[in-house]
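Participant: Have a look at this one.
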Amino acid sequence: MDVRFVSRLQQVTVLGATGSVGLSTLDVIARHPDRYQVFALTGFTRLSELLALCVRHTPRFAVVPQEAAARGLQDDLRAAGLATRVLVGEEGLCQVSADAEVDTVVAAIVGAAGLRPTLAAVDAGKKILLANKEALVMSGALFMQAVRKSGAVLLPLDSEHNAIFQCMPGDFARGLSQVGVRRILLTASGGPFRQTPLAELEHVSPDQACAHPNWSMGRKISVDSASMMNKGLELIEACWLFDARPDQVEVVIHPQSVIHSLVDYVDGSVLAQLGNPDMRTPIANALAWPERIDSGVAPLDLFAIARLDFQAPDEQRFPCLRLAKEAAQAGNSAPAMLNAANEVAVAAFLERRIRFPQIASIIEDVLSIEPVVAVNDLDAVFEADTQARALARDWLSRNAR
Ligand code: NAD
Ligand code: MG
């Protein structure tokens, strides 16, 4: 008799479904209706797009920030003949992350707002596909402790960390030195201002900062890429994900964004992961891990790429990278403060209240004023975050145009 094993559809919650990573995730999911079913979609703005996504993917739940928006969306969903239930706010986000029926949570909310919902998924022992690097940067030790406690499976979506994950041996959790890893080489494109004359950085606009040469992303991470704070946050992220010391992670500028990162072993072997710069590759990798599925990404054409370049980062040009390294060394509340000050500064830059180089000035000032303290619980993390935001806003009220 032909006995076939029919596996259950994986139920997936996408936090931040209306964003760049959220949409790429839904593109991959839609290619594999035999494997994945959307359980919940969440949005914050662009709620008409959330409605369209609900019509396309028929989730059990949708989550929006406020009651009024929820009522509007609920009516529209009903009119479209859908049974999707609309939940509200952080409580709703945590509920769809921890629901007993959910297998996988894609953490693709931007910024500190993603921390509690992502931790709810961690505490519930889910498979978590982490794009929301800010959550891990803010609360690294507590986050990783919670992962170990619940047995959650944490898989990186950030392209660099997904690349590192693919180049690591399966048992890397034993410790990098135990598995013969010398260091991690974290690649960075250098962003749109890699070669801009330093004096011109005073005058660059938000749109110029968001015009990334290789990747199409949300505006906050695009500005982070232009300042290289993104790479700083990623260095901290890599330390937590792979239990590395900051000095074991080296940032390498690689303008083509074809090598997504590398792992350097003690025997001199260096393993790299390559691919077109398209988030659907790391998303498909993490969704199906340890299997492989089609992502819709075109095969890499090495003849068209022809060459791969590398250079050391210039910390004078990119002071945010230095500030992030210092925060990584200081540990404790420093990364949460760095992240919070950066979020306020980037928002102010996008609103044209400050100039691009002032992003680093704000962060540097906040970090020099606020003392680094131990963070033994989540309250302490949010306390550091709140303090840093207040100091950054003070700076703005004194100096912004
Ligand atoms: P985005 O701005 O395109 O999308 C952000 C999503 O978060 C949206 O769905 C938005 O509605 C939601 N959101 C925003 N503020 C919220 C709040 N206060 N509460 C609840 N939801 C909120 O951003 P993105 O580019 O998709 O990035 C998302 C995360 O993934 C970021 O942490 C980013 O650093 C990380 N990441 C992105 C990429 C990329 O290619 N875009 C690559 C690697 C990592
Ligand atoms: Mg990245």
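The values are calculated or read from the model by the stated rules, or taken from the named source; none is laboratory data. These figures come from a predicted structure and were not determined experimentally. We place every Cβ from the backbone using ideal geometry, glycine too, and count neighbours over all the protein chains shown. Areas reflect the complete protein model, heavy atoms only, side chains present, ligands, DNA and RNA absent. Shrake-Rupley method; radii C 1.70, N 1.55, O 1.52, S 1.80 Å.
Participant: Need one number: nm distance between label points at Val153 and Arg352, each 7 Å from Cα along Cα→Cβ, rounded to one decimal.
Facilitator: With each label placed 7 Å out from Cα toward Cβ, I get 4.8 nm.
Participant: Okay, next question. Select from Phe44, Phe303, Phe172 the residue whose mean-square fluctuation is largest in a Gaussian network model of the chain (Cα-Cα springs shorter than 10 Å).
Facilitator: In the Gaussian network model the winner is Phe303.
Participant: Using R₀ = 56 Å, calculate the FRET efficiency as 1/(1 + (r/R₀)^6) where r is the Cβ-Cβ separation of Arg56 and Asp394; round to 0.05. Provide the component values of the computation, followed by the final result.
Facilitator: Working: r = 44 Å, r/R0 = 0.79.
The computed FRET efficiency comes out at 0.80.
Participant: To continue, here is another question. I want to verify a result. In a Gaussian network model of the chain, Cα cutoff 10 Å, which of these has the top mean-square fluctuation: Arg352, Arg322, Arg389?
Facilitator: The residue with the greatest mean-square fluctuation here is Arg352.
Participant: In addition: Aspartates and glutamates near Lys325 by alpha-carbon distance under 16 Å, same-chain residues fewer than 8 away left out - which ones?
Facilitator: Cα-Cα hits under 16 Å: Glu134, Asp224, Glu234, Glu237, Asp243, Asp247, Glu250, Asp314, Glu315, Glu364, Asp365.
Participant: Additional query: Given Cβ point charges of +1 (Lys, Arg) and -1 (Asp, Glu) and nothing else, what value in debye, to the nearest 20, does the dipole of the chain about its Cα centre take?
Facilitator: For this selection, approximately 480 debye.
Participant: While we're on this one: Of Ala68, Ala188, Ala272, which has the largest mean-square fluctuation in a 10 Å C-alpha GNM of the chain?
Facilitator: With Cα springs under 10 Å in the chain, the top fluctuation among Ala68, Ala188, Ala272 is at Ala68.
Participant: If you don't mind, there's one more thing I want to ask. Which value results when the Cα radius of gyration for the chain is divided by 2.2 N^0.38 Å?
Facilitator: 0.97
Participant: So what is the accessible area of segment 251-401 per residue, in Å², with the probe set to 1.4 Å?
Facilitator: Normalised by residue count, the accessible surface of segment 251-401 is 47 Å².
Participant: For segment 236-241, in order, what is each residue's ³J(HN,Hα) by Karplus, 6.51 cos²θ - 1.76 cosθ + 1.60 with θ = phi - 60°, in whole Hz (x at glycine and Pro)?
Facilitator: Karplus values, whole Hz, x for Gly and Pro: 5, 4, 5, 4, 6, 5.
Participant: Under a 1.4 Å probe, what is the accessible area of segment 27-123 per residue, stated in Å²?
Facilitator: Heavy-atom SASA per residue in segment 27-123 reads 46 Å².
Participant: Pull up the cross-link candidates among the lysines for Lys220, meaning alpha carbon to alpha carbon under 17 Å and not fewer than 8 places away within one chain.
Facilitator: Lys133, Lys231
Participant: If you roll a 1.4 Å probe over the chain with all protein chains in place, what percent of the accessible area is carbon or sulfur?
Facilitator: Heavy-atom surface of the chain belonging to carbon and sulfur, 1.4 Å probe: 51 percent.
Participant: Using 0.36 nm times the number of residues separating Ala374 and Ala211, minus their current alpha carbon distance, what extension gain do you get?
Facilitator: Length gained, Ala374 through Ala211: 54.9 nm.
Participant: For segment 147-193, what class follows from the C-alpha gyration tensor (a ≥ b ≥ c being the square roots of its eigenvalues): rounded when a/c is under 1.5, otherwise prolate if a/b is larger than b/c, else oblate?
Facilitator: It comes out oblate by the Cα gyration axes.
Participant: Using a simple charge model, +1 on the beta-carbon of Lys and Arg, -1 on the beta-carbon of Asp and Glu, nothing else, what dipole does segment 168-295 show about its Cα centre, in debye to the nearest 20?
Facilitator: 60 debye
Participant: Take every Cα-Cα pair in segment 46-148 and report what % of them are more than 19 Å apart.
Facilitator: In whole percent, the long-distance tail amounts to 45.
Participant: What spacing in nm lies between the two simple spin-label points modelled at Ser269 and Phe310, each 7 Å away from Cα in the Cβ direction?
Facilitator: Going by the 7 Å Cα→Cβ label model, 1.7 nm.
Participant: Taking just the C-alpha trace of segment 165-241, give me its Rg and Dmax in Å.
Facilitator: Rg, Dmax (Cα atoms, Å): 16.2, 49.
Participant: For segment 248-272 and segment 283-352, compute the distance between their C-alpha centroids and round to whole Å.
Facilitator: Computed from Cα coordinates, the inter-centre distance equals 14 Å.
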